[in-house]
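The values are calculated or read from the model by the stated rules, or taken from the named source; none is laboratory data. Since we're looking at a predicted model, the values are computed, not measured. Because the Cβ atoms are built from the backbone with ideal geometry, glycine has one as well, and the counts that use them run over all protein chains shown. The protein model used for the area step is the full one, side chains on, heavy atoms only, and it has no ligands, DNA or RNA in it. Shrake-Rupley method; radii C 1.70, N 1.55, O 1.52, S 1.80 Å.
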Amino acid sequence: MATSTKLLISKPVNIWMNDEPMKVEDTQTILQVARNHGIHIPTLCYLDEITPTGSCRICVVEVEGFPRPVPSCSTFVKEGMKIHTNSPKIQAIRKVIVELLVANHEMDCLYCERNGECELQDLAKIYNIRDHRFLGSKRQNPLDQTSMALVRDPNKCILCQRCVKVCDEVQSVHAIDVTKRGFESIVTSAFGKTIHESSCVLCGQCVRVCPTGALKERDVSTEVREAIDDPNTIVTVQVAPSISVTIGEEFGFPIGTDVSGKLVTALKRMGFDAVFDTVFGADLTILEEANELIKRITENKTLPLISTCSPGWIKFMEHEYADLIPYMSTCKSPMSMQGAIIKSYWAKNQQIMPKRIFQVAIMPCMAKKFEADRSELVNDGLPNTDAVLTTRELIRAIKKFGLDLKSLPDSKYDDPLGESTGAGKIFGASGGVMEAALRTAYWLVNKKNLEHLEITQVRGIEGIKRAKIQLTPELTVNCVAASGLKNARIICDEIRAGNPNNYHFIEIMACPGGCINGGGQPRGMDLEVIKQRAQALYKLDEQYTIRLSHENTAVQRLYANFLKTLGSNEAHHLLHTHYYPRSERRH
Amino acid sequence: MPTKISDILSHFTQGNSSELIPILQAVQAEYGFISEESVYEISEYLNIPSSKIYGVATFYAQFRLQPPGRHVINLCTGTACHVKGSEKLIPVFEQELKCKAGETTKDGRFTLNLVACLGACALSPVVNIDSDFYGNLTAGEIKKILRKYK
Ligand code: SF4
Ligand code: SF4
Ligand code: SF4
Ligand code: FES
């Protein structure tokens, strides 16, 4: 309550920071003021938008007249405060904090995935830690490698609780907490259950905020490398829509730069036999899903229809809202659809034995590793996807392969599963699936295209976006797109309560903002960056000559020559799936 | 027959997080420990995620999350025993039992506790198992002593 009153009445106050007078609002914390004025204060537990835990104390500053240094991340400015952010005393305190963290940390930086991009390392560097002043015992907890997607190394955990807070406040999954006390403290699920046994949905949002190497994806780049090196294996790769506008950031391109062409060249040079665009699979998903939507509406079947592209969302639903399974679309995700088509249609056209194909997917997502492992996503005994690499794994692989993305020439995706449309491209942003599906749904009922293709009500980074879209004079579709599982939970509760808003169509993405902010993307959590990545996708959509999934000529040929019609038996066999309850609601 | 968890819960009428600790105490008083199942029931009742309840229960030394073993070992770590090297016996017990102090062995045979003073300082270092006391304990004897308890 105290904070909300604070938010209502903000008044200007005069303060001094490092002897510089400033006029600021008293709704700001010392840390926020410092950041706005270009003053750096280190933080380990603090995250924007998340309740501060104040657990690390590295952000302490001196305030004149206060008996003790205060944490700047959770202390609001007050009239007349004289703050010193970097006095010798503060520097000494911070140094001790870092030394203590280092003392019981398993320091194997050279073997650590975060070497060179670790916040603890950075601090050790800044505070000039040169010797082991404190000799602490190192914790020796087992590595949790039980999950297909997420690996937790408790010995590298500094107990900052960022992961706990993100899991609670952004995702509302509540899979983990700090348990036990003192030296024994460890982040784990209830009853110390492994990641695999827990209700963790493997969204990877915690991985993106962890300051150290304690949380990471299960890296399968070696398996992929081995498949490439095996002369008897045909290695195909598909690249998710959001990758081309995010990966460039790590190679010095401005945020939101589309590097599709260079990415294709990089993948070819790495030895992939065929490089496909998952946007093709997205277009295919749209056709099947729009068809499903219109059928369910016109035949008075179960509504709302809920989208199923996001595997973290699917796992969440299976754990906590399995009663909503009848509402789920039966469509597989673009990744799995594309995999199924590669190992059937494409293999047949190329006269390749499907079992010789090793199908790799480059995904912005950690939960896709789990999806690839689902036993339902198998056709004729072969998994739709053999390996998933996250954006981060691909970045490391490109660097390891000695490729400088910036200076590579452009190449094109391979045909026919490389043809794409603007509709499929925007899948990468929350609301994109819905927008693309509505464009095609309109065409399905009217046999002509929407005049204005942009459905702006479902764009933007808000967590819940509602829209009413008129398809025919008699039919208005009530839609909602939710991203971030906390928002998904709100919508699920609405459906459980009888769907008072009378939704026909719901899109849910596990990660806030959609795949452009997926758990497999480069680390960090900056709203501005996410906005720019989304804008990049919408700009690309405008630049496409074809902006409607049903006009993708390669998809049209696939139906004409192989799948026959929308929702045909062949389509059902290859492109649709089912779900099952995982356990009763047990956070 | 012990009271059902739902009966225990029905005494707590506010249904909010302030009741968590008293509920955990009541459950432990009734069953001697807090089972996984009871945590899930408390979770539903108070609408607090089970991971959070587990975090709280493991933070306080008073709560026990495993049923006590058939035999309870109380190893004294009071001043007198400490001086006579009881600390060195802890890892011996832990290794022998393959469980940590404060835990119960996988087969449910023993619970290993460390206690402040058994009041038998003359015998230090001393361990008490069920109603038996073993004084002037040495590491070498531990295996043989444990064998007596099935
Ligand atoms: S987490 Fe950071 S400090 Fe720890 S081993 Fe890895 S790189 Fe080094
Ligand atoms: S796992 Fe990472 S984010 Fe979580 S508490 Fe440990 S260091 Fe912090
Ligand atoms: S992967 Fe997602 S669900 Fe699992 S612990 Fe991390 S934030 Fe929570
Ligand atoms: S960043 Fe302020 S206490 Fe951790």
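What order do A:Thr53, A:Thr285 take when sorted by accessible area (1.4 Å probe), most exposed first? Don't jump to the answer; show the numbers that get you there.
Values: A:Thr53 50, A:Thr285 0 Å².
These residues rank, largest area first, as A:Thr53, A:Thr285.
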Based on DSSP, what percent of beta bridges with both residues in the protein assembly as shown are antiparallel, to the nearest 5? 55 percent
Could you work out the relative contact order of region A:247-336, using alpha carbon pairs under 8 angstrom and six or more residues apart, expressed as a whole percent? 28 percent
Taking the Cα atoms only, what angle lies between the long axis of helix B:20-31 and the longest principal axis of chain B, rounded to 10 degrees? 60 degrees
For a quick check of understanding: with a 1.4 angstrom probe and all protein chains in place, what accessible area in square angstrom does A:Arg114 have, to the nearest ten? 10 Å²
Please report the accessible area of A:Lys295 (heavy atoms, 1.4 Å probe, ligands and nucleic acids excluded) in Å², nearest 10. 100 Å²
If I take R0 = 45 Å and measure r between the Cβ atoms of A:Arg557 and A:Leu143 in this structure, what FRET efficiency does the formula 1/(1 + (r/R0)^6) give, to the nearest 0.05? 0.40
Points 7 angstrom from Cα along the Cβ direction at A:Ile464 and A:Asn14: gap in nanometres? 4.5 nm
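Helix by helix through chain A, keep the DSSP H runs that span 15 Å or more along the axis on Cα and average at least 0.0 on Kyte-Doolittle, and give those back in order. Display every interim value, and only then the final one.
On the way: long enough: A:88-103 (22 Å, 1.02); A:278-298 (30 Å, 0.34); A:432-446 (21 Å, 0.57); A:485-496 (16 Å, -0.15); A:527-543 (24 Å, -0.64).
Helix filter hits for chain A: A:88-103, A:278-298, A:432-446.
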Students sometimes get this wrong: rank A:Glu474, B:Glu19 by accessible area, probe 1.4 Å, all chains present, largest first. A:Glu474, B:Glu19
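Note down the net charge around A:Leu287, summing +1 for each Lys or Arg and -1 for each Asp or Glu among other residues with Cβ under 14 Å from its Cβ.
Working: positive: A:Lys295, A:Lys332, A:Arg439, A:Arg557, A:Lys564; negative: A:Asp283, A:Glu288, A:Glu289, A:Glu292, A:Glu419, A:Glu551, A:Glu570.
Value of the local net charge: -2.
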Expressed in angstrom and rounded, the centroid-to-centroid distance over alpha carbons for region A:351-423 and region A:12-91 is 46 Å
Rounded to the nearest 0.05, FRET efficiency between B:Gln14 and A:Phe183 (Cβ-Cβ, R0 56 Å) equals 0.95
Dividing the helical contributions, -39500 (n - 2.57) per DSSP H run of n ≥ 4, by the residues of the protein assembly as shown yields a 222 nm value, nearest 500 deg cm²/dmol, of -9500 deg cm²/dmol
Between A:Asp229 and A:Met353, what's the calculated FRET efficiency when r is the beta-carbon distance and R0 is 22 Å? Round to 0.05. 0.70
Normalised contact order of region A:341-417, rounded percent, pairs of Cα under 8 Å and 6 or more residues apart: 26 percent
Please report the net charge: other residues with Cβ closer than 10 Å to the Cβ of A:Glu79, K and R +1, D and E -1. +1
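Explain nothing, just the number: relative contact order of chain A, from Cα pairs under 8 Å at least 6 residues apart, as a whole percent. List each step's numbers first, then the result.
On the way: 1156 pairs, mean separation 89.0, N = 587.
Worked out over chain A, it gives 15 percent.
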Under a crude label model (7 Å from the Cα following the beta-carbon direction), how far is A:Met107 from A:Asp26 in nanometres? 4.6 nm
Listed here are the pairs A:Lys369/B:Lys98; A:Lys301/A:Lys348; B:Lys98/B:Lys150; A:Lys315/A:Lys486; A:Lys368/A:Lys486; A:Lys156/B:Lys100; which of them are more than 25 Å apart at the Cα? A:Lys369/B:Lys98; A:Lys301/A:Lys348
